[in-house]
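The next block holds one structure in the form of structure tokens; read it before the comments.
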Amino acid sequence: MPIVIPSAVQVSITKDVVAAKGPKGSLQMRLHPYVSAEVKEGKLLLAADLDAHRDASAIYGMSRSLVNNMVQGVASGFSKVLDIVGLGFRAEVVGQKLTMTLGKSHPVVFTAPAGVTLGVDPKKTQITVSGPDKMSVGEVAAKIRSLRYTEPYKGTGIRYQGEHIRKKAGKTAAGATAGAAGGAKK
């Protein structure tokens with residue numbers, strides 16, 4: 001499957017390195033020795049030497065996906081949105097530092113790596129992680145989420161937007177149903 005190169009993106013190939021430059025930044029990736037690449041008619045074509053190894057097909061598929069993500073990232077970028085749920089939980093961004101109040105005795109400070117941009121909505125309960133590299137955006141979002149996982153009883157913590165959290169019944173709910181069904185012992 002060819003990778004369509006958008007008009008705003010320039011792709012160059014030198015030896016086994018594919019580099020893409022676009023409005024959102026520039027990225028480069030070294031290809032596996034079993035995979036080769038070439039640009040033809042505004043499309044990037046990858047090919048694999050299937051006789052070289054039994055895993056060459058899988059390596060080709062992964063390489064194609066990574067190069068496609070790289071081209072799409074420098075063209076339009078990727079983003080993940082995190083929701084902060086909880087009484088008094090909030091976040092602020094100053095430069096590349098994200099300061100969060102997450103119910104701990106101290107504010108939690110997270111510094112974003114180069115190439116990743118952090119943003120917070122006006123209500124200070126939604127964090128947007130964006131950048132051209134899909135893997136680094138996902139990794140930063142996962143690290144922020146790990147600072148306060150969503151707990152299963154109240155549902156408070158940091159979660160991805162649209163993520164469904166299954167709540168557990170607490171002690172009182174479990175005790176009320178067990179006591180009503182079996183009766184009290186004397």
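Looking only at region 24-45, which residues are of a type in the set (A, V, I, L, M, F, W, C) and part of a strand (DSSP E or B)? Talk me through it step by step, then tell me what you get.
Within region 24-45, the first condition is being of a type in the set (A, V, I, L, M, F, W, C), and the residues that meet it are 27, 29, 31, 35, 37, 39, 44-45.
Result: Leu27, Met29, Val35, Ala37, Val39, Leu44, Leu45.
Of everything in region 69-90, what is under 30 Å from Lys104 (Cα atoms) and part of a strand (DSSP E or B)? Give them in sequence order. Don't jump to the end; show me each part of the working.
The initial filter retains those residues of region 69-90 that are under 30 Å from Lys104 (Cα atoms), namely 79-90.
Ser79, Lys80, Val81, Leu82, Asp83, Ile84, Val85, Arg90 - these are the residues of region 69-90 that are under 30 Å from Lys104 (Cα atoms) and part of a strand (DSSP E or B).
Does Ala75 count as crowded, with 17+ Cβ neighbours inside 10 Å, among the aliphatic types (A, V, I, L, M) and at pLDDT 90 or above?
Details: crowded, with 17+ Cβ neighbours inside 10 Å: yes; among the aliphatic types (A, V, I, L, M): yes; at pLDDT 90 or above: yes.
Taking the combined requirement at face value, the residue satisfies it.
Consider Lys80 carefully, then state whether it is in contact with a helix residue (DSSP H, G or I) (Cβ under 7 Å, 6 or more places away or on another chain) and in contact (Cβ under 8 Å) with a residue 24 or more places away in the chain. Let's see the steps before the verdict.
Numbers: in contact with a helix residue (DSSP H, G or I) (Cβ under 7 Å, 6 or more places away or on another chain): yes; in contact (Cβ under 8 Å) with a residue 24 or more places away in the chain: yes.
In short, yes.
What number of residues in region 116-146 are exposed (fewer than 15 other Cβ atoms within 10 Å of the Cβ) and either of a type in the set (A, V, I, L, M, F, W, C) or farther than 12 Å from Ser79 by Cα (or both)? Lay out the reasoning, then the answer.
Of the residues in region 116-146, the ones exposed (fewer than 15 other Cβ atoms within 10 Å of the Cβ) are 119, 121-123, 135, 138-139, 142-143, 146.
With the extra rule that they be either of a type in the set (A, V, I, L, M, F, W, C) or farther than 12 Å from Ser79 by Cα (or both), the set shrinks to 121-123, 135, 142-143, 146.
Counting residues in region 116-146 that are exposed (fewer than 15 other Cβ atoms within 10 Å of the Cβ) and either of a type in the set (A, V, I, L, M, F, W, C) or farther than 12 Å from Ser79 by Cα (or both) gives 7.
Within the set of pairs 6+ apart or on separate chains, which have a first residue in region 30-49 that is loosely packed, with under 13 Cβ neighbours inside 10 Å, a second that is modelled with pLDDT under 90 and of a type in the set (S, T, N, Q), and C-beta atoms under 6 Å apart?
Short answer, once both residue conditions are applied: Ala47/Ser36.
Failed condition for Met62, given (1) closer than 16 Å to Ile144 by Cα; (2) surrounded by fewer than 19 Cβ atoms within 10 Å (Cβ to Cβ), with all others met?
Here Met62 meets the rest and fails (1).
Return yes when Leu66 is of a type in the set (A, V, I, L, M), within 16 Å of the chain's Cα centre (by Cα) and not in a loop (DSSP other than H, G, I, E, B) and no when it is not.
yes
Restricting attention to region 69-91, which residues are more than 22 Å from Gly25 (Cα to Cα) and within 20 Å of the chain's Cα centre (by Cα)? Walk me through it before giving the result.
Taking region 69-91 as the starting set, the residues that turn out to be more than 22 Å from Gly25 (Cα to Cα) are 82-91.
Hits for region 69-91 are Leu82, Asp83, Ile84, Val85, Ala91.
The values are calculated or read from the model by the stated rules, or taken from the named source; none is laboratory data. Note that the coordinates shown come from a computational prediction; the quantities given were computed from them, not determined experimentally. Neighbour counts run over all protein chains shown; Cβ positions are idealised from the backbone, glycine included.
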